[in-house]
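The values are calculated or read from the model by the stated rules, or taken from the named source; none is laboratory data. All figures in this text were calculated on a predicted structure; none of them were measured in a lab. With ideal geometry, Cβ positions are generated from the backbone for all residues, glycine too; neighbour counts draw on all protein chains shown. Side chains included, ligands, DNA and RNA excluded: accessible areas come from the protein's heavy atoms. Shrake-Rupley method; radii C 1.70, N 1.55, O 1.52, S 1.80 Å.
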Amino acid sequence: MFNLDPRLAGDTLLVGELPLCRVLLMNDAQYPWLILVPRLADVVELTDLSDTDYQRYCAESRAVAKAMLEVYPDAKLNIAALGNVVSQLHIHHVARFNNDAAWPGPIWGKHPAIPYDPEQANALVKQFQTQLSIKEGS
């Protein structure tokens, strides 16, 4: 049974569900940042996915990347699966800009998160739901 890691649940806002992955918005207004988490139990590495699920993950990751670049056309997109703190497989999709708080270095551990204000978070979640054809509440 799939259970979202409590740290991911605490640090993110739900965007919705794709066929394989849950889409989460990192609650840090410094960087536009979506996270894909396959809704499968005990998956730590990409190699833990079946061939079919890996192909589905790649397609969903590409869709998320395209959606982010539609919303942020001037961004340099960073995509990474680190797992040093949270071992559950989750893949970060981060839009970076040459004027962001951590540029040009990595974002991890650079600055404390600055949560979105509720209106901004709601608007961004709805925008990504539209870009990804996710129905609200899914």
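Couple of notes before you dig in:
- Where a residue in the stretch 103-127 is without any contact (Cβ under 8 Å) to a residue 60 or more places away in the chain and its partner, wherever it lies, is assigned to a loop (DSSP other than H, G, I, E, B), with Cβ under 6 Å and at least six apart: Lys110/Ala102
- Residues of the stretch 7-19 that are closer than 19 Å to Thr130 by Cα and either part of a helix (DSSP H, G or I) or open to solvent by 10 Å² or more (accessible area, probe 1.4 Å) (or both): Thr12, Leu13, Leu14, Glu17, Leu18, Pro19.
- Cross-chain or 6+ apart pairs with Cβ under 8 Å, the stretch 5-24 first and over 13 Å from Arg39 (Cα atoms), then open to solvent by 50 Å² or more (accessible area, probe 1.4 Å) and of a type in the set (D, E, K, R): Leu14/Arg22
- Residues that are under 18 Å from Leu124 (Cβ atoms), surrounded by 18 or more Cβ atoms within 10 Å (Cβ to Cβ) and not aliphatic (A, V, I, L, M), drawn from the stretch 22-67: Arg22, Asp28, Tyr31, Pro32, Trp33
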